[in-house]
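Participant: Structure below; questions to follow.
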Amino acid sequence: MSLAENFEKIQQQIRAACDRRERGPDSITLLAVTKSQPPEVVRAAAECGQILFGENKVQEAKAKIPLSPGRLRWHFIGHLQSNKCRDAVELFEMIQSVDSLSLAQEISSRAGQAAKTMPILLEVNVAGEASKFGYPPEKLLAELETINQLPRIEIHGLMAVPPWSDDPEGSRPHFRRLCELKTQCEQKLGAPLPHLSMGMSGDFEVAIEEGATLVRIGSALFGPRPTAGLRPSAD
Ligand SMILES: *Cc1c(COP(=O)(O)O)cnc(C)c1O
C-alpha cells in the first residue's frame with residue numbers, strides 16, 4: 001500500500017473507533033512518528049497532508065527538522081535529558097514525556113530564556129515497569145501542583161506507553177487507568193486537561209475507545225523502522 005493509502009486506512013479506523021464511542025473524529029489528533037525514518041519520509045507524509053510529527057531523540061530531530069517543510073509541527077516523545085532541554089524547547093511545540101520535577105524545572109527555565117511557554121504532557125509509567133520511564137501515578141499526584149506552578153510550562157495532559165502486548169485488548173486496562181488518573185489530576189488542579197496521549201500502531205483503536213485525544217503512530221503508516229545499524233546514533 002502507498003503512504004497515502006496508509007493514511008486513509010488509519011483515518012478510517014480512527015473514525016470507526018470514534019463512532020463506537022459517539023465521539024467526533026475531530027476530537028482525535030494523529031501524531032505521525034518518524035523516529036529513525038529519513039527526511040524523505042517526512043516530506044512524503046507532508047505531501048499527504050500530515051502536519052504533526054513526533055520524534056524521540058533530540059539529536060536526530062535537530063538534523064531532520066531543518067530538512068523538513070517549515071510549516072510542520074513537532075512533538076517530542078522520547079526520554080529527555082536535562083542537557084538537551086535547550087534544543088528541545090527550540091525544536092518542539094510540545095514535550096510529551098516529562099517524567100520528573102527536575103526535568104519540568106529545567107524546561108521551564110530554558111523556555112524562559114527563549115521567551116516562550118512550553119506545553120507539556122506528563123508521562124506516566126502506568127504498569128510500574130522497571131524498564132520504563134514515566135511517573136509512578138502516586139508521585140505524579142504528589143508533585144502535580146508544584147509542576148503546575150512553574151512559570152514557563154503549561155500542563156496539557158498525560159501520556160503513556162503501556163506494556164508491550166500482541167493483543168490490543170491487553171492495553172485497555174492501562175488506558176483506562178491513565179484516563180482515571182487524568183480525572184484525578186483535573187480535580188487537583190481545578191481545571192480541565194485537554195490531552196490524553198495514548199495508543200500506537202497496535203492499539204490506537206482501543207486507546208480511542210478509552211478516551212485518547214492524541215494517537216502516536218509510526219509503523220502502521222511507514223512500515224517497519226530502518227534497522228538499528230542504519231539508525232543515527234543514540235543521544
Ligand atoms: C515509537 C513510538 C511510537 C510509535 O510506535 P509504532 O508502534 O511504530 O506506532 C509511539 N510512541 C512512542 C513514545 C514511541 O517511542
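Bear in mind these aren't lab numbers, they're just calculated from the coordinates by the rules spelled out. Everything numeric in this text was worked out from a predicted model, so none of it was measured. Reconstructed Cβ throughout: ideal geometry from the backbone, glycine too, with neighbour counts over all protein chains shown.
Participant: Which residue pairs have Cβ atoms under 8 Å apart, sit 6 or more places apart or on different chains, and have a first residue in the stretch 101-113 that is surrounded by fewer than 20 Cβ atoms within 10 Å (Cβ to Cβ) and a second that is of a type in the set (S, T, Y)?
Facilitator: From residues that are surrounded by fewer than 20 Cβ atoms within 10 Å (Cβ to Cβ), the pairs are L101/T146; S102/S82.
Participant: Report yes if L221 is among the aliphatic types (A, V, I, L, M), surrounded by 15 or more Cβ atoms within 10 Å (Cβ to Cβ) and closer than 28 Å to Q113 by Cβ, otherwise no. Break it down stepwise before answering.
Facilitator: Values: among the aliphatic types (A, V, I, L, M): yes; surrounded by 15 or more Cβ atoms within 10 Å (Cβ to Cβ): yes; closer than 28 Å to Q113 by Cβ: no.
It is false that L221 is among the aliphatic types (A, V, I, L, M), surrounded by 15 or more Cβ atoms within 10 Å (Cβ to Cβ) and closer than 28 Å to Q113 by Cβ.
Participant: Would you mind finding the one in A114, A104 that is under 26 Å from G211 (Cα atoms), of a type in the set (G, A, S) and away from the ligand (no atom under 16 Å from the Cβ)? Reasoning before the result, please.
Facilitator: On the way: A114 fails: under 26 Å from G211 (Cα atoms).
Step by step, each of A114, A104 is checked, and only A104 is under 26 Å from G211 (Cα atoms), of a type in the set (G, A, S) and away from the ligand (no atom under 16 Å from the Cβ).
Participant: Under 9 Å by Cβ, and 6 or more places apart or on different chains, what pairs join a residue from the stretch 46-61 that is touching a residue at least 40 places away in the same chain (Cβ under 8 Å) with one that is among the acidic types (D, E) and surrounded by fewer than 18 Cβ atoms within 10 Å (Cβ to Cβ)?
Facilitator: C48/E8; K57/D235; V58/D87; V58/D235; Q59/D87; Q59/D235; E60/D235
Participant: Tell me, yes or no, whether the stretch 74-81 has at least one residue that is surrounded by 13 or more Cβ atoms within 10 Å (Cβ to Cβ) and among the polar types (S, T, N, Q). Steps first, please.
Facilitator: Initial filter on the stretch 74-81 (surrounded by 13 or more Cβ atoms within 10 Å (Cβ to Cβ)): 74-80.
Going one step further and asking which of them are among the polar types (S, T, N, Q), we end up with none.
No; the residues of the stretch 74-81 include none that is surrounded by 13 or more Cβ atoms within 10 Å (Cβ to Cβ) and among the polar types (S, T, N, Q).
Participant: Find the residue count for the stretch 87-110, including only residues that are assigned to a strand (DSSP E or B) and of a type in the set (G, A, S).
Facilitator: So the answer is 1.
Participant: Also, I was wondering about something else. For the stretch 116-147, name all the residues that are among the small types (G, A, S) and either under 14 Å from K182 (Cα atoms) or more than 18 Å from the chain's Cα centre (by Cα) (or both). Let's see the steps before the verdict.
Facilitator: Of the stretch 116-147, the ones among the small types (G, A, S) are 127-128, 130-131, 134, 142.
G128, A130, S131, A142, listed by residue number.
Participant: Can you report the number of residues in the stretch 165-180 which are surrounded by fewer than 22 Cβ atoms within 10 Å (Cβ to Cβ) and touching a helix residue (DSSP H, G or I) at 6+ places or on another chain (Cβ under 8 Å)? It would help to see each step written out before you state the result.
Facilitator: First, the residues of the stretch 165-180 that are surrounded by fewer than 22 Cβ atoms within 10 Å (Cβ to Cβ): 165-170, 172-173, 176-177, 179-180.
Subsequent filtering for residues that are touching a helix residue (DSSP H, G or I) at 6+ places or on another chain (Cβ under 8 Å) retains 165, 168-169, 172, 177.
Going through the stretch 165-180 one residue at a time, the tally reaches 5.
Participant: For the stretch 5-38, what are the residues that are farther than 18 Å from F222 by Cβ and among the small types (G, A, S)?
Facilitator: A16, A17, G24, S27
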